[in-house]
Ligand SMILES: [Ca+2]
Ligand SMILES: [Ca+2]
Ligand SMILES: [Ca+2]
């Protein structure tokens, strides 16, 4: 081991002490000031990394949810980013708990909502849905969930359903537009043709129609639009739909098929055979006037003694609440001809 000159050794010791002191001071300073004064001048990586916000100053409080929202669907408006949270400003713009970023600037949704937004989603209709801890949305009371519409075009919340009914009964078809839309009117259609109120309003020789068209409560409040056909006839069978419209546009329901049961399936078992003929003749000849419902009649006879007031007379084939040879002749003719609704008269 070779001895170092005293001067060289002292220099090395001082230099080492100075480096240590420097590192300690630097560490203390960085800790106290919480500055990022770490390893200097590393190159920016070209791969993925987190970056602050959206490129300009963001919200003044927490963001809990974001979603992409295309206001007009396939229309020319581009999709925007929507953020919801606990903030009241976005990019310096006043925005109560919900705001949109169009790639250039933040903007508000009217007056926003009254408290924090926790979740966001877009409905197939294009409406933006916000959920959270608020109880008003814009000027409306809308507790915890609210929709923002860009188009104000109504959409269908509840579709009409297919029905198979007996001729002579009352048929109700219902459909409901989403709530909140103003000046919405309904028009029912059968096979694409507008239905009108009154006798034979849906088909020649058909039943009496009510609720075929007209205004709905404004704004819509979830009340169904109901088409009623009293004393519905086999001619009223078909494909029914409703159109909801206002000044902004319209929405058409899915089609609901209305079919009629076999008029002479007297025991209503789904098949037509001699049991039905025998059953009808027995009912016709029964002096106790057996009540409906049956395959031929479930229409009530108001004013008649119970139970016929609500059930009708089973052998009253033409459903006029009187009971005579017209019914017998009508049933036997239809039994052999099956002209009213032959597709539903299944032999068996
Ligand atoms: Ca669009
Ligand atoms: Ca039968
Ligand atoms: Ca009759």
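Laboratory data are not the source of any read-out in this text; all were calculated from the coordinates shown. What you see is a predicted model, and the numbers here were worked out from it, not measured in a lab. A quick note on method: Cβ atoms are made from the backbone with ideal geometry, for glycine too, and the neighbour counts reach across all protein chains shown.
Taking only the C-alpha atoms of segment 181-338, Rg followed by Dmax gives 19.2, 62 Å. Distance between the C-alpha centers of segment 161-234 and segment 241-303? Whole Å please. Here the answer is 18 Å between Cα centres. Distance between the pseudo-spin-label points of residue 271 and residue 255 (7 Å out from Cα toward the beta carbon): 3.2 nm.
Here the gap between residue 115 and residue 50, fully extended at 0.36 nm per residue and compared with their Cα-Cα distance, gives a gain of 20.5 nm. Over segment 156-257, the hull volume per residue, using the convex hull of the C-alpha atoms, is 78 Å³. For segment 80-128, a Kirkwood hydrodynamic radius built from all Cα pairs, placed in the Stokes-Einstein relation at 4 °C and 1.567 mPa s, yields a translational diffusion coefficient of 118 µm²/s.
What the Cα atoms of segment 110-149 give is an Rg and a Dmax of 9.3, 26 Å. Projected over every direction and averaged, the convex hull enclosing the alpha-carbon atoms of segment 63-148 yields 5.0 nm². Each principal axis of the Cα atoms in segment 274-344 has its own extent, and those three values, largest first, are 33, 22, 19 angstrom. Its Cα gyration tensor gives segment 129-171 an equivalent ellipsoid, and the semi-axes of that ellipsoid, as √(5λ) in whole Å with the largest first, are 38, 13, 9.
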